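The values are calculated or read from the model by the stated rules, or taken from the named source; none is laboratory data. Keep in mind that this is a model prediction, so the values were computed, not measured. Counting neighbours? That spans all protein chains shown, and the Cβs are built from the backbone with ideal geometry, glycine included.
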Amino acid sequence: MIPTAVFLARPRRFLTPVPDFDPSALAARWQYQADPLWGLWDVARDPHTVIEHARGDCVDYARLAASWVYHHTDRPLALYVMGRFHNPPGHLVAYDGRYVYSTGRIHDETIREYSVRTGRIVVVRRGIRHACALPRGYWRPGRT
């Protein structure tokens, strides 16, 4: 387990090679489990543990999804910290140019469509791979 802030500071360092598995099958049996102490000390669990137990919070799922995309595809990859206007940022998703991986759910939409649909705004973006070659229509904060 690593603190979320450390994971976000150097995400590539913590993208663990994971076995090739079907992310949608894992999403079907995913159970949300918050970190202890109401998430005040948020940690990103090891992807192998997350696969085995099929539960965790948004940080655990984002790390697992990012690890899978990074090691098994050549798609672009970025992590997004998202929040709402009246709340501090509190949600982490992975985005690979086609799918948004969010707490056990895989959404076939752009990060902008996800943001509009959920009412969350992008607070921080951490590009991991292909940051300069993102697909057409890719949305960056501040660009409409």
* Asked: Residue check: is GLY90 under 16 Å from the mean Cα position of the chain (by Cα), at pLDDT below 90 and either surrounded by 14 or more Cβ atoms within 10 Å (Cβ to Cβ) or among the polar types (S, T, N, Q) (or both)?
  -> yes
* Quick one: would you say VAL59 is under 10 Å from the mean Cα position of the chain (by Cα), under 20 Å from ASP22 (Cα atoms) and without any contact (Cβ under 8 Å) to a residue 40 or more places away in the chain? -> no
* Selection within the stretch 70-83 - part of a helix (DSSP H, G or I) and closer than 16 Å to GLY127 by Cβ -> TYR70
* Asked: Taking the stated definitions as given, is ALA9 at pLDDT below 90 and surrounded by 14 or more Cβ atoms within 10 Å (Cβ to Cβ)?
  -> no
* Asked: If you check ARG112 against the conditions, is it among the charged types (D, E, K, R) and either within 10 Å of the chain's Cα centre (by Cα) or part of a loop (DSSP other than H, G, I, E, B) (or both)?
  -> no
* Asked: Which residues, counting only those in the stretch 22-49, are under 11 Å from GLY104 (Cα atoms) and among the aliphatic types (A, V, I, L, M)?
  -> ALA25, LEU26, ALA27, ALA28
